[in-house]
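For reference, the structure is listed below as structure tokens.
The values are calculated or read from the model by the stated rules, or taken from the named source; none is laboratory data. This one's a predicted model, so the numbers in the text were calculated from it and none came from an experiment. Note: ideal-geometry Cβ built from the backbone for every residue, glycine included; neighbour counts use all protein chains shown. The area values use the complete protein model at the heavy-atom level, side chains included, leaving out ligands, DNA and RNA. Shrake-Rupley method; radii C 1.70, N 1.55, O 1.52, S 1.80 Å.
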Amino acid sequence: IDRTFMCGICGKLNFDINNEVDKGLIKKMCDTLIHRGPDDQGYYINKNIGLGMRRLSIIDLNTGHQPISNENQKIWIVFNGEIYNYKELKQDLIKKGHQFKTGSDTEAIIHLYEEYDVDCLKLLRGMFAFAIWDEVKSRLFLARDRVGKKPLIYTVANNSIIFASELKAIIKDNSIKKEINFDALDQYMSFQFVPAPYTIFKGINKLPPASYLLCEKGNIIVKRYWELDFNNKII
């Protein structure tokens, strides 16, 4: 097992609150990611939202099962990666009154989101791709680390958004069209990879590095949260 994979995540949000997500689909998506996370699996299904997780256990082997929620189970997260400064973040969050039930770096993210909303990304140091479902705001929050170490792919189709760590998980949904993007194919033949935001299929996109996606009530924005600044000089 290549331990650099470190987990796989997936999920689906139907914009129609009455259109329930099929747990069987989330499980099929997770099954395609088993090579990324052979140690554990977990699901969160609540009406029109479904999250899935395949875990490679690195930090907090005993209580780090995902998805993980906040104290009142209104905010849920699935996470792929590693947060290097999570212990420092956890200490600050405990001082602010947050209660932790695990020793995982994953849980630090969800409490950081509670405290700072999307600005939590500015405080994270590490490699990551995660999805947070905020039930109170009816919001899906996807994010990727600054240099794009961890992958995150998504598509908006059929009045829903589907995301995953890998393309083959997304196309487990039979309603997703598998049409070749010939511009992406041209880039692959030229550069031996397909640059973000494209994938080999039309309408299925990579979330660019240093970017996040917010989906609220069917409205979607993708925004970059960090830029490499060459003007800062270290003396």
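Observations on the structure shown:
- Pairing each residue of the range 128-145 that is closer than 16 Å to SER165 by Cα with any residue that is of a type in the set (Lys, Arg) and open to solvent by 10 Å² or more (accessible area, probe 1.4 Å), provided the two are 6+ apart or on different chains, yields C-beta distances under 9 Å for PHE128/ARG144; PHE128/LYS149; ALA129/ARG144; ALA129/LYS149; PHE130/ARG144; ILE132/ARG139; ARG144/LYS206.
- Being free of Cβ contacts under 8 Å to residues at least 60 places away in the same chain, open to solvent by less than 40 Å² (accessible area, probe 1.4 Å) and hydroxyl-bearing (Ser, Thr, Tyr) holds for only one residue in TYR154, TYR188, TYR212, and it is TYR154.
- Wholly within the range 9-108, strands (runs of 3 or more DSSP E) carrying at least 1 residues that are farther than 17 Å from LYS150 by Cα and among the hydroxyl-bearing types (Ser, Thr, Tyr): 40-46
- Search result, residues across the range 14-35 that are closer than 23 Å to GLY81 by Cβ and surrounded by fewer than 22 Cβ atoms within 10 Å (Cβ to Cβ): LYS27, ASP31, THR32, ILE34, HIS35
- On inspection, PHE201 passes the criterion of being touching a Ser or Thr at 6+ places or on another chain (Cβ under 9 Å) and aromatic (Phe, Trp, Tyr).
- Top-ranked residue in the range 223-235 [being under 19 Å from the mean Cα position of the chain (by Cα) and in a loop (DSSP other than H, G, I, E, B); ranked as surrounded by the fewest Cβ atoms within 10 Å (Cβ to Cβ)]: TRP226
- Only one entry of ILE220, ILE162, ILE180, ILE200 meets the criterion of being surrounded by 18 or more Cβ atoms within 10 Å (Cβ to Cβ), among the β-branched types (Val, Ile, Thr), under 25 Å from ILE26 (Cα atoms) and touching a residue at least 12 places away in the same chain (Cβ under 8 Å), and that entry is ILE162.
- Unmet criterion (only one of (1) within 27 Å of LYS137 (Cα to Cα); (2) of a type outside the set (Asp, Glu); (3) at pLDDT below 95) for GLY50: (3)
- Residue match in the range 129-144 (condition: assigned to a helix (DSSP H, G or I), open to solvent by less than 20 Å² (accessible area, probe 1.4 Å) and out of contact with any Gly (no Cβ under 6 Å at 6 or more places or on another chain)): no
- Within the set ILE170, ILE221, ILE153, the sole residue that is modelled with pLDDT of 95 or more and over 27 Å from ARG125 (Cα atoms) turns out to be ILE170.
- Close pairs from the range 78-89: first in contact (Cβ under 8 Å) with a residue 60 or more places away in the chain, partner among the charged types (D, E, K, R) and crowded, with 22+ Cβ neighbours inside 10 Å, Cβ under 7 Å, at least 6 apart: ASN80/LYS150; GLY81/ASP145; GLY81/LYS150; GLU82/ASP105
- Checked against the criterion of being surrounded by fewer than 20 Cβ atoms within 10 Å (Cβ to Cβ), at pLDDT below 95 and of a type in the set (Phe, Trp, Tyr), the range 94-108 contains one or more residues that satisfy it.
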